[in-house]
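*Asks:* Have a look at this one before I ask anything.
Values quoted throughout were computed directly from the atomic coordinates according to the rules given, and no laboratory measurement underlies them. A quick note: this is a predicted structure, and the numbers were derived from the prediction, not measured. A quick note on method: Cβ atoms are made from the backbone with ideal geometry, for glycine too, and the neighbour counts reach across all protein chains shown.
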């Protein structure tokens with residue numbers, strides 16, 4: 001197969017995946033493999049609201065607990081070549097995502113790095129330009145829930161199992 005045909009095939013597959021609404025991230029099965037790769041995370045059969053069909057987890061020795069949001073998981077590679085998976089944990093309410101679980105691969109094994117918390121909720125995690133980027137709203141005294149006055153952006157990388165903050169800025 002020529003390079004042109006191979007590239008076109010990849011494009012068609014990605015287009016169909018996007019068209020179907022499927023997330024371009026780890027599948028629910030592989031998310032389970034990531035979650036089960038550590039004893040730091042306890043998976044509960046039923047959360048406070050088991051009617052939502054989502055899996056409830058708790059991170060040992062922390063305040064992080066909530067529902068796994070598999071459709072918003074992020075998977076990619078950092079600029080140093082290290083694989084990273086970020087799995088969001090939702091509150092089940094209007095708080096949205098209140099933490100993101102971080103995993104990597106070292107020595108061919110899945111490893112739990114830790115988590116990025118957001119006590120205010122509404123945490124967004126993505127991989128951009130080879131860095132892990134988090135975005136959280138900063139609400140002023142008169143800001144409605146829909147419209148924060150500012151956003152805190154933080155950039156991270158991994159060195160092995162150590163999460164390293166590279167930059168922090170506030171955007172209007």
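*Asks:* Take the alpha carbon gyration tensor of the stretch 70-172, find the square roots of its eigenvalues, order them as a ≥ b ≥ c, and report rounded if a/c is under 1.5; if not, report prolate when a/b exceeds b/c, else oblate.
*Replies:* Cα axes put the stretch 70-172 in the prolate bin.
*Asks:* In the stretch 79-104, which residues have a backbone nitrogen under 18 Å from the label point lying 7 Å from residue 143's Cα in the Cα-to-Cβ direction?
*Replies:* 94-99
*Asks:* Taking the Cβ-Cβ separation of residue 51 and residue 83 as r and a Förster radius of 25 Å, what is the calculated FRET efficiency to the nearest 0.05?
*Replies:* Efficiency for this residue pair is about 0.15.
*Asks:* Any chance you could run the full-extension gain for residue 155 through residue 111? It's 0.36 nm times the residue separation minus the Cα-Cα distance, nm to one decimal.
*Replies:* Result for the pair: 13.8 nm of gain on full extension.
*Asks:* Between residue 126 and residue 71, what length comes free when the chain is fully extended (0.36 nm per residue of separation minus the Cα-Cα distance, one decimal in nm)?
*Replies:* In short, 18.5 nm is gained.
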